[in-house]
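Visitor: Structure incoming, see below.
No lab work stands behind these numbers, since they all come straight from the coordinates. All figures in this text were calculated on a predicted structure; none of them were measured in a lab. Every residue, glycine as well, gets a Cβ built from its backbone with ideal geometry; the counts of neighbours run over all protein chains shown.
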Amino acid sequence: MNIELKEIVFLCVAIMTILPCFIVAFSRNILHSAFALFFTFLGTAGLYFFLDADFLAVVQVIIYIGGVLVLLLFAILLTRNIEDIKTTNSLSIKHSVLAGIVSLIIIGGLLYSYISNRWVFPLRENPDYPYFTIKELGDLLLTKYLLPFEVVSILLLAVLIGSLVIANRSVR
Amino acid sequence: MNYYLLIPFLPLTAFLINILFGKKYVQERAHWVSILAVAGSWIVAVFTLLKVLKGETVNEDLYTWVLSGTFEVSVGFLIDQLTTVMLIVVTTCSTLIHIYSVGYMHGDKGYYRFFAYLSLFTFCMLMLVMANNFLQLYFGWEGVGLCSYFLIGYYFNKKSASDAGKKAFIVNRFGDFGFGLGIIVIFLTFGTIYYEPVFTQIGGVAAQTISFLGYEVNLATLIALLLFCGAIGKSAQMPLHVWLPDAMEGPTPVSALIHAATMVTAGVFLLARCSPIFSLSEPAMVVAALIGAITSIFAATIALVQNDIKRIIAYSTLSQLGYMFLACGVGAYTAGIFHLYTHAFFKALLFLCAGSVMHAMAGELDLQKMGGLKKYMPVTYATMFIASLSISGVPGLAGFFSKDEILWLAYAGPSPVGKFVWAIGTIVAFLTAFYSFRLIFLTFHGEFRGTQKQEHHLHESPKSMTVPLMLLTIGAVASGWVGIPNLLGEVIGIEHSNWFSGFMNPVLGHPEAHGTHAEEWMLMGISVLAGLGGIGLAAVFYLGRRSIPVLLAQKFGFIYRILWNKYYVDELYSHTIVRPTLWISQNILMGITDAKIIELIVNGVPRAIGGVSQHLRKVQTGLLQHYAAIMATGALIIGAWILLR
Amino acid sequence: MPEFVMPDLAPVMPEIVMTILALVTLIADIIFKRKETLAILSIASVVLVFFVLFGTPFKTTFNGMFIADGYSLFFKLIFLLNVVLTVLISMRYLVIERVNFGEYYSLILFATLGMMLMASAGDLIVLYLGLELMALSTYILAGFITYDMKSNEAAMKYFLLGAFASAFLLYGISMIYGLTGTTDLNAISEYIILNGLTANPVVMLSMILFAVAFSFKIAAVPFHMWAPDAYEGAPTSVTAFMSVGPKAAGFAVLGRVFLIAFGSVRMDWSAVLIPIAILTMGVGNIVALSQTNIKRMLAYSSIAHAGYALLGIIAGTGEGLASVMNYLLIYAFMNIGAFAVIIMLRTEGFKGDTITDYEGLAKSHPLAAALMLVFMFSLTGIPPTAGFMGKLYIFMSAVYAGYTWLVVVAVIFSAISAYFYLRIVMYMYMREPKESVSLAATPALGIALAITAAAVIIIGVLPSAVVSFARAAVAGF
């Protein structure tokens, strides 16, 4: 097996994605969890780059790191007695066994599909596949997918109104 | 323009106005709305008659109610000769009885409600007779039934009245169940519920048999008998007759309109309408003739000894309805409808007269407490006397012609039981004359037997009541003149004097009769003698020697008691059906299951479902995780089932 | 590089007008102090859209993503009707609940816009976005009484489970896209037939995921769990709104997706829908028996009605689809009518939402009781009300499609349903009033009741107009 630089980078990115997951799940300090999540998100964006999905990778950074994570940190910041969260996070034997079984099933499924399938990479073999997807996506959004694009903007407006309704009233 | 639509929809409009605005706005003026509407219907009905006389019949769908595949239900109208006769009968009686009610119901608390129901009834009855398909007929059928229960139980504070309403409802369920089943069989057989295709195709299936409850039954007979079930329920024939006498608890105009002139004759109308079906089934015809004959003599004998003025007339109605069934059973549909038509006038008149008497007697019904009323209420007396002459079959009056035609056709027709039912019919004619005049003599002649207070109160009824009486008297006398037997017509020099029979010919056909003129004269003589004999005997008993009936009642006490107790039919039902059911429920089932049967049936099933319900509702825990888990499990099960099947 | 071509906007005109008017309503909220003005404005908007709708040509635009046809027209009429009636019954109710805010009307219009897009969607992406627009607006509406815990709970449960269902839908969409490479309904259908994929497990799996997601929207068992809690907790006017609109929209997409995209695997999806339909009718009707809260009872009733309507989809014929549309229109009238009576009983200091609150209503308020009687009769399916007609057509279409046994099951459950509907009638007419109930009757509520009651009776007596309209609408499907 010939290990290239690309593979090494990929491994690093993969480890950066997976390891913080354990901290997110098992840490008793919610602040630690939140910061660990940052690395997971970043790693996921990196994985998208490896899939030649540059647009998705950028969006991942903007939305999940720039939006979701910041929101999460604000929420932690503004919540009193955040430390109390520790006491509720207990795991009984029954639940652990159940979770273990479910996890095993998922792992089994993944392994099965890994072993049984012939893995091809049609995207790489496709000569039409663009080097940068952002421009192509932009073209498509304003031509073929014009209607969904417009509907999404209305959808966001409706959500904005809705969040205002809830937030505004609660504060009042 | 469909001018005839006005006939049913005018009364419907009146009903809506009265029921919606009656309490607040119309109030004491409710009768104007209803009377104008019904009178309007009458005018249009007469107009329709003129059209039909010219040969213009109608058979068309107004609009399609349901159309799904081959299943079609429409509101459609069939106006032919039979319908027209019914229209005239219904609108005429209804109009006069509406007017009569103004006086009779004056000052009643639910005045507007009463008129609203009367109008609704008229609407349903008209829809019934004008239908061109079985489902609309059924709609009208249930509609008139519903109005009938409302009006029987009109004085709902009186327990006997609401009980009578309930009884009518339950007894009619039995008949209507068969009727509904009959319509289903018709639809399954012909794929349609319209009269016309059914009647034209019935000949093709008459020979077919189907397996019904394990027996091979002729299809035509099955359909005919199922429809007949409905007819005997509505027309109160044996053995479902028990509700009609009790129905007299309703206000008298209701008895006259619904329980004498119109609704109860719907059964006869049904037989005539479905004559193409019945004619193909000899068993059904024989059953109809026998049930009619038995009911007529059965009711007539009971009427002999009763003392309640309205009940006597009610039994008389039963008996006359039996006549009509008998006529249809021997194939003389025309004669049956003819009798229906004349009977409507004189029987409505009898009831209204009885109502007038009750009005004067402040609600008293017992004949034994009346007597000598003739000098207080001359109009009532005269009209009731004429009506009684008519029902007794005195020559020249309406009842004579129709009754004579039935008896002659029964005797001379091809029916295997013709001679037998003729004999019964003749006896009934005698009995009818007797009890009718017993009523007249006991009410109007002799000395007053009531209290002083009652005697002081005696008065003739107001104009609004007596005028309809007089108008109906015209009908009771003259309505039969359209059907004078050809035999008599020749004598008085009118050719084809039985115009009615010719008129109905296109719908009901011409009945077969094989007999000589001599025979016909003889039969006519016998029935006239029977009628006059009955009147004479009544005169001897109740005008002459008042001791005779008392003596007879003592001597034949056994028979008297049987008749007085109406052959114990109510008791029979009570002992064979009602009480055993109750006894089983109270003793056996309570002993076994420690619970009452009524509760078991009425509450048990819902309770069982309710139990399931209580358990199922616990699934709804309110916990979000559970909901999501159930959704996921559901998706998993469906997925597994579809992919692994 | 693809050229930008201006798409044909004529078929989308109703949606465009609706968007503009929803925005106008939003702005008007700032200008007008009286929120009744907004109600009238939104009704006027809907009436305008109604007229635009009838001037819209039947065409496909946006590369087949948007279909304007008779089918979508019929459903849009139901949605518009739903808005008018909901707004009419909301006006006074919002004041009583102290949540008379202008956003309410904008959100209702946005939700309706979502439904309209769903009905016209010719592409799974538009379908999904329309569904989300509808759902998100409805979640907010369900939690509109922000100070009330029950309303919050309703919104929260509806939202979380709705997101769960959306995940199913997206999963289904991604699978079918992965297989066929398209999200266009017609193209999916063609691809499945051309490549002989009618037994393909991915097609099956994706079909099942669609069935699950749509079953959630129409509240079919076992994906109904949100409905009772959400219906009970949400403001009553919103309950009326969401028991009709989203359900009808769910049926619109169910019909379109299953009959077009999955038309070639009809036998398979009817095998999925039949048990769902039976369970839905069974659970809906049986659990409704033991309810004491009338809103909750109507929630279960709404579940049961979805079960009846599913029979028409299962029939899989044009006639079946037409009968479903007919049924949904009738259901809109009778259900909102019933909710209008419930709202009428809600006054300051009186909830009026338990069944015992209806005791003796006939004595104190005969007209309200009579109206409730009409709606309960119609929901039971007693002729000559519209409810009978709706059920009759559905059952007939199922019988003609060969599902007689299923109809027998439906009739049995329908008979059970009589018990809880008529119990309300019994309480109103046979019992003595316990406490004096005053009504919050307003002209708007009166208009809504008049429209619904008249429609229930008129459609019951003269159903052919609506039915033939539905049939004509399906003919161009």
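Visitor: Could you work out how far apart the two model spin labels at C:K59 and C:T37 are, taking each label as a point 7 Å from the Cα in the direction of the beta carbon, and quote it in nm?
Guide: About 3.8 nm, to one decimal.
Visitor: What whole number of Å gives the distance from the Cα centroid of the stretch C:422-459 to the Cα centroid of the stretch A:2-63?
Guide: So the two Cα centres are separated by 61 Å.
Visitor: Where does the charge balance sit around B:L120 when Lys and Arg score +1, Asp and Glu -1, over other residues with C-beta under 13 Å from its C-beta?
Guide: Details: positive: B:R113; negative: B:E142.
Here the count lands on 0.
Visitor: Okay, next question. Would you mind computing, in nm to one decimal, how far apart the modelled labels at A:V97 and C:L23 are, each placed 7 Å from Cα along Cα→Cβ?
Guide: Label-label distance for A:V97 and C:L23, simple model: 6.0 nm.
Visitor: Still on this structure, please answer the following. Determine the alpha carbon to alpha carbon distance for each of C:K295/C:K391; B:K167/C:K391; B:K158/C:K434; B:K375/B:K566; B:K375/B:K555; B:K158/B:K374 and list only those over 24 Å.
Guide: Pairs exceeding 24 Å: B:K167/C:K391; B:K158/C:K434; B:K375/B:K566; B:K375/B:K555; B:K158/B:K374.
Visitor: Further, regarding this structure: Please rank B:C353, B:C147, A:C21, B:C229, fewest neighbouring Cβ atoms within 10 Å first, as an exposure proxy.
Guide: Values: B:C353 35, B:C147 25, A:C21 14, B:C229 19.
Going from sparsest to densest Cβ surroundings: A:C21, B:C229, B:C147, B:C353.
Visitor: Cα-based Rg of the protein assembly as shown per 2.2 N^0.38 Å, rounded to two decimals?
Guide: 1.16
Visitor: Follow-up question, since we're still on this one. Using helices alone, I'd like the mean residue ellipticity at 222 nm for the protein assembly as shown: each DSSP H run of four-plus residues gives -39500 (n - 2.57), total over residue count, nearest 500.
Guide: The helix-only estimate for the protein assembly as shown comes to -23500 deg cm²/dmol at 222 nm.
Visitor: Something else about it: Once R0 is set to 41 Å, what does the formula 1/(1 + (r/R0)^6) return for the Cβ-Cβ distance between B:D570 and C:I458, expressed as a FRET efficiency to the nearest 0.05?
Guide: Approximately 0.35, to the nearest 0.05.
Visitor: Rounded to a whole number of µm²/s, how large is the Stokes-Einstein D of the stretch C:244-401 at 25 °C and 0.890 mPa s, given Rh as the Kirkwood radius over C-alpha pairs?
Guide: Diffusion coefficient, whole number: 148 µm²/s.
Visitor: Ok, one more. Let me know the mean shielding of C:408-420 by other chains, meaning the per-residue number of their Cβ atoms within 10 Å of its Cβ.
Guide: 1
Visitor: Take peptide C:282-288, look around each residue's Cβ out to 10 angstrom, count Cβ atoms belonging to other protein chains, and average those counts.
Guide: Partner-chain Cβ atoms within 10 Å, mean over residues of C:282-288: 4.
Visitor: Continuing with this model, one more query. Once each part is reduced to its C-alpha centroid, what is the distance from the stretch C:355-395 to the stretch C:97-111 in angstrom?
Guide: Their Cα centres are 29 Å away from one another.
Visitor: Compute the semi-axes of the equivalent ellipsoid of the stretch B:164-255, taking the square root of 5 times each eigenvalue of the Cα gyration tensor, and list them largest first in whole Å.
Guide: 32, 14, 10
Visitor: Fewest first, what order do B:L350, A:L110, A:L147, A:L141 take by the number of other Cβ atoms within 10 Å?
Guide: Least crowded to most crowded, the residues run A:L110, A:L141, A:L147, B:L350.
Visitor: Let me ask something additional. What average count of beta carbons from other chains do you get within 10 Å of the Cβ of residues in A:135-142?
Guide: That works out to 1 on average.
Visitor: Separation of the stretch C:229-307 and the stretch C:141-210 by C-alpha centroid, Å?
Guide: Taking the Cα centre of the stretch C:141-210 as reference, the centre of the stretch C:229-307 is 16 Å away.
Visitor: Quick one: work out Rg over Rh on the C-alpha atoms of chain B, Rh as Kirkwood radius.
Guide: 1.03
Visitor: For the stretch C:351-472, which semi-axes, largest first and in whole Å, follow from the square roots of 5 times the eigenvalues of its Cα gyration tensor?
Guide: Equivalent ellipsoid semi-axes, largest first: 31, 19, 9 Å.
Visitor: I would also like to ask the following. Would you calculate the separation in nanometres between label points at A:L77 and B:H459, each defined as 7 Å from the Cα along the Cα-to-beta-carbon direction?
Guide: Between A:L77 and B:H459, the label points sit 9.8 nm apart.
Visitor: Quote the charge dipole size of chain B about the Cα centre in Debye, to the nearest 20; the model charges only the Cβ of Lys and Arg (+1) and of Asp and Glu (-1). Provide the component values of the computation, followed by the final result.
Guide: Working: 37 positive and 32 negative charges, 424 e Å.
Taking the Cα centre of chain B as origin, the dipole is about 2040 debye.
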